[in-house]
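What follows draws every value from the coordinates through simple rules; no lab data is involved. Please read these numbers as outputs of a predicted model, since none were measured by experiment. Neighbour counts run over all protein chains shown; Cβ positions are idealised from the backbone, glycine included.
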Amino acid sequence: MKPSNRLFALLALFLLFCMLLTSCELLDVQQATDRPARTGTETTDKGGQTEMTTDKSAASTARDTTAVESTTDAAPVTTEAPQDEPAVYEYPMDQVAPLNGTIRTKQNDYLITANYRGATVDLKDIHYDTVTVTRNPDADEMGYAFLTAIPTATGEKPSYATGYTMVVWDKNDTATLSIPGDARYLYVYYYDSGVYYLPTSIVFSNATVPTTFTVASWNIGHFSMGNNKNTKLTDDQYATEKAKFDAYIGSLGADVLILNEYSQLFTPSKAARYLFLDYATPFECEQRNYSCNALYAKFPLKNLTLHDFACNTPDTVLHTTAIKATDYYYITGELTVGTETVTIVALHLAFHDNLNPDTVCTNQMDELIAAFADTEHVIMLGDWNAYHAEYYERFAEAGYTVGNDGSFLTCTGSKTGGLEWPVDNIIVKGVTMTDFRAVNTSLSDHVAVVATITVP
């Protein structure tokens, strides 16, 4: 070969190599060698062995609006987009890389693994208030976590803003993820018998929340009329009972729904989340005896947090043989409505049958008033366990609007077997509440309360 031809060939190879480097935007696949140990039982409606699929065409949409910067090993993928446009991420399987370190499972246990797979997105330079994922047709039970730091491989407790959260798909096979305030990385992952899937897309955007929306609160009674800590429904009853709950939940027309005495299982093998497919933002908290709160919204919620009541300690007197005041807690989340921030407080208060006045309940009420004294827009809703309506007067004195002044009986009592107590309520400050109502049902020992909220 003549020198000029040889030089031309070398130059062509060099240019080809550069082109390959330039077009490479995906991390290499590293095949897992060991299945991560499981710490609990996962329920799923899928049967049989699924096969891993690869959708390489998905990355093309992201290239049109975003610049993807490739990193190595377990490092996050950093994507930047113009501030006035949503950042769009569409991950094919080629993007999956191991995230070595300590993972928090959906049982809230810490699992050390070298082969857990997922898509990790660096949120530092992304301007957004909504994260929406689209379901991969082959993957149903997918989890996600927001991290404040990438986990280390030393086995120490990772810096999580939230632990494992189940993705709850709506009827359009999309889901809006709940974003904590100190989120630094988003980790989305799926694992089933050695097969890994990711969402079809992850979209970061800015949401528009209407100035008028509907909120509802319902003590769902663990699907057992409040008489048991877990559901009493059997798998054979699933279809019939699900239809009843679907119809009642739909009749509330709620954009934001808080549930007390929630159970994650509707029947022994069916997850309760399938009742709430219209709500893309779930926040299902821990169960403490009879107390378990869940918050659902059709809008993106930020800074979702569980709060214990400071006025109660582990030594609080027993008010029944099984439940302490420390079992009860409240959760908060924030809605951005225009330029305003509205704080949602989803609560379940404790009570003491033998105290009059019930200072276990009223002390928690006073703590809530103090905690949100400087918060402009507040919506509090839940089971207040206020057996005397005058307990609510302290909120009116603090500038709140009280929905249930005692006119609406919402909980079944033992005297008549009918509704006797005004314990479920919606109490607001800095917003307008209209059309407060109770919606009757025989599906729980409580009926739901509903109201229309307008943010000025």
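Going by the alpha-carbon gyration tensor, a ≥ b ≥ c the square roots of its eigenvalues, is the stretch 333-452 rounded (a/c under 1.5) or, if a/c is not under 1.5, prolate (a/b greater than b/c) versus oblate? Because a/c hits 1.5 or more and a/b fails to exceed b/c, the stretch 333-452 counts as oblate.
Please express the shape of the stretch 212-454 as an equivalent ellipsoid: the semi-axes are the square roots of 5 times the eigenvalues of the C-alpha gyration tensor, given largest first in whole angstrom.
So the equivalent ellipsoid measures 25, 22, 17 Å along its semi-axes.
Counted by Cβ distance under 13 Å from Asn219, the other residues give a net charge of -4, where Lys and Arg count +1 and Asp and Glu count -1. Put in line by how crowded their Cβ is, counting other Cβ atoms within 10 Å and starting with the fewest, Ser217, Ser178, Ser407 read Ser407, Ser178, Ser217.
Go through Lys171/Lys429; Lys298/Lys429; Lys244/Lys270; Lys171/Lys302; Lys242/Lys298; Lys302/Lys324 and tell me which ones have a Cα-Cα distance over 24 Å in this structure.
Lys171/Lys429; Lys302/Lys324
Quote the relative contact order of the stretch 212-454 in percent (integer), defining contacts as alpha-carbon pairs under 8 Å separated by 6+ residues. Computed over the stretch 212-454, the figure is 20 percent.
Residues Leu123, Leu265, Leu295, ranked from the fewest to the most other C-beta atoms within 10 Å, line up as Leu265, Leu123, Leu295.
Over all projection directions, the Cα-based convex hull of the stretch 200-277 averages an area of 7.1 nm². Placing +1 on each Lys and Arg Cβ and -1 on each Asp and Glu Cβ, with no other charges, gives the stretch 212-454 a dipole about its Cα centre of roughly 620 debye.
Note on the stretch 212-454: dipole from Cβ charges, positive end direction compared against Asn303, Ala272, Asn385; the farthest Cα belongs to Ala272.
Residue exposure proxy: Asp235, Asp122, ordered by other Cβ atoms within 10 angstrom of their Cβ from fewest to most, comes out as Asp235, Asp122. With the gyration tensor restricted to C-alpha atoms of the stretch 382-422, the semi-axes of the equivalent ellipsoid amount to 22, 8, 8 Å, longest first.
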